[in-house]
Each structure stands twice: as structure tokens, then as C-alpha cells.
1. Here is a list of conditions, (1) open to solvent by less than 40 Å² (accessible area, probe 1.4 Å); (2) within 16 Å of the ligand (Cβ to nearest atom); (3) over 27 Å from GLU119 (Cβ atoms), and ILE98 meets all of them except one; can you say which number that is?
2. Right, VAL120: within 19 Å of ARG168 (Cβ to Cβ), open to solvent by less than 20 Å² (accessible area, probe 1.4 Å) and away from the ligand (no atom under 16 Å from the Cβ) or not?
3. For residues that are in a loop (DSSP other than H, G, I, E, B) and at pLDDT below 95, scanning just the stretch 1-57, find the one that is most open to solvent (accessible area, probe 1.4 Å).
4. Taking ASN73 as meeting all but one of (1) within 16 Å of the ligand (Cβ to nearest atom); (2) polar (S, T, N, Q); (3) more than 21 Å from VAL25 (Cα to Cα); (4) in contact with a strand residue (DSSP E or B) (Cβ under 6 Å, 6 or more places away or on another chain), write down the number of the exception.
5. Here is a list: THR151, THR175. Which entry is outside the structural domain of GLU229 (by TED's automatic domain parsing), in a strand (DSSP E or B) and in contact with a helix residue (DSSP H, G or I) (Cβ under 8 Å, 6 or more places away or on another chain)?
6. Among the listed residues VAL169, VAL140, identify the single one that is assigned by TED's automatic domain parsing to the domain that holds CYS55 and either closer than 20 Å to THR61 by Cα or part of a loop (DSSP other than H, G, I, E, B) (or both).
7. I need the full set of residues from the stretch 143-172 which are open to solvent by less than 30 Å² (accessible area, probe 1.4 Å) and of a type outside the set (D, E, K, R), in order please.
Amino acid sequence: MENIQEIKAVSMPRIGEKAPAFKAVTTQGEINFPQQYSGNWVILFSHPADFTPVCTSEFMTFASMEDQFAKYNCKLVGLSVDGLYSHIAWLRTIKEKIEYKGMKNVEVTFPLIEDITMEVATKYGMIQPGESSTKAVRAVFVIDPKGIIRTIIYYPLSLGRNFDELLRVVIALQTADEFSIATPADWRPGDDVIVPPAGSCGTAKDRMEGKEDMKCYDWFFCTKPISKEAVMEKILKK
Ligand code: BEZ
């Protein structure tokens, strides 16, 4: 029995699985996750603690980029194991007092979940006792409009996230879905993409015979161009 509990305690959602469901209180009222985000991409992310410097820099950056994520139909939801009043006081302090890297008067309008029981954080594997048993690590779950987890990234307490990378992840996942391609290392819109996606049948060369814009480095590694405009036309929220 003890063993089963131990296994349960460390169970973590995985890529390709349904995002675990929960209801919670947030700075924007109650949420029913992921159900109420059906039809949207959503980034669910955790931070270790309110009123800490790395988290403050992250929240200011995320809030400043909220419109950029919204352009790709992507909403943001934060979580820490602090209570609602701490969240409210911290976000007010950020808005009223903190000026950082040209960002000031930053209002966080996306929901920040209170999780004092650590129920949600535990469900999502955000508590990693080797790092801290009382705080969530910096977890990022990118969830698609069907509620499927598409990317998971974890950072330790000391390392602030790269938010350009998180936006790149959302754009790359949406591009892969729309064009049935894969994206190579460091891909950005406008760069060549990989055909066919990793793991699909047949070689790219067989399937793309006669398509002149394809470039093959070997039988298993072929790319084709897709312009930035074509990517944006498909994925930008109308
Ligand atoms: C921070 O956000 O600065 C932080 C939070 C918890 C532990 C270490 C750093």
C-alpha cells in the first residue's frame, strides 16, 4: 500500500496525455481546468513563491507578452502554493512599485491559481522534493485546444524561463499541426521545415518525388521552405 502511495505521489502527466482536470480559486475567480480552455491553447505554469525576485521578473515578462501569446490563441494560467491574498498583494506591488527592464505599471490580468494544499501542483508533478518539498519548481505545460499536453518544460528555482522560447514552442507546435511537418533545431517562422514528421512511414524523398523546393541531406532528412507569411496566415488568430 505504501508503495502504491509513493508511486501515486510522484506520478506526472506526460506529453500526449489529457491535461489533468481540476477546479481552483484564482486571482480572476474560479477556474475549471482545462475544460474552460477548450478551443484555446493554454500555458499552465508554476512559480515557486510570490514576493521573490526571479518570479517577479518572470511575471512581468509574461504579462508584458500576454498580447503576443493571445495572437496565437494562447492563454496563460499561473500557479503557486501561496494563498490568494498573497497573490493579490504581490501582483499589486508589481503594478504599483516595480520598474524592471523598461517594464513598469505591469498589470497581471491572467489568472494566478492559489494552491495552498498543493493538490494541483502535486497532480502536475510541479513539486519536486529534490529541489523543494514546499515550493513548486518552474514548470511549463503547453496544452492544445483539445486539452492534450503537447510540451512540458521544467526549470529549477534559480533559473528564470526564456519567454521567447515559450512563444516559439507555441508557434512551432501550431505550425507542425497545420502543415503536417516537423521543425528542426532552433526553428523560427520562415526557416525551412522538416518533411515528413519524425516517426511517419516512408521516406520524405519517396513522398516528395518531383517537388523541386525540397532539399534532402540524406534519405531520412529532407526539408522544404514555408514562408513566414504562409505560417502566419495559417496560425495567427483571425
Ligand atoms: C525567486 O523567484 O527569486 C526564487 C524563488 C524561490 C527560490 C529561489 C528563488
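1. (1)
2. Details: within 19 Å of ARG168 (Cβ to Cβ): no; open to solvent by less than 20 Å² (accessible area, probe 1.4 Å): yes; away from the ligand (no atom under 16 Å from the Cβ): yes.
Judged against the criteria, VAL120 is not a match.
3. Step one: of the stretch 1-57, the residues in a loop (DSSP other than H, G, I, E, B) are 1, 10-17, 19-21, 28, 34, 38-40, 47-52.
Add one more test, that the residue is at pLDDT below 95, and what stays is 1, 10-12.
Values: MET1: 162, VAL10: 101, SER11: 63, MET12: 83 Å².
The selected residue is MET1.
4. (1)
5. Working: THR175 fails: in a strand (DSSP E or B).
So the residue among THR151, THR175 that is outside the structural domain of GLU229 (by TED's automatic domain parsing), in a strand (DSSP E or B) and in contact with a helix residue (DSSP H, G or I) (Cβ under 8 Å, 6 or more places away or on another chain) is THR151.
6. On the way: VAL169 fails: assigned by TED's automatic domain parsing to the domain that holds CYS55.
Residue meeting the stated conditions: VAL140.
7. So the first thing to find is which residues in the stretch 143-172 are open to solvent by less than 30 Å² (accessible area, probe 1.4 Å), and the list is 143-144, 147, 149, 151, 161, 163, 166-167, 169-172.
ILE143, GLY147, ILE149, THR151, PHE163, LEU166, LEU167, VAL169, VAL170, ILE171, ALA172 - these are the residues of the stretch 143-172 that are open to solvent by less than 30 Å² (accessible area, probe 1.4 Å) and of a type outside the set (D, E, K, R).
The values are calculated or read from the model by the stated rules, or taken from the named source; none is laboratory data. Because the structure is predicted, anything quoted here is derived from the model rather than measured. Cβ sites come from the backbone with ideal geometry, for glycine too, and all protein chains shown count toward neighbours. Surface accessibility is based on the protein's heavy atoms, side chains included, excluding ligands, DNA and RNA. Shrake-Rupley method; radii C 1.70, N 1.55, O 1.52, S 1.80 Å.
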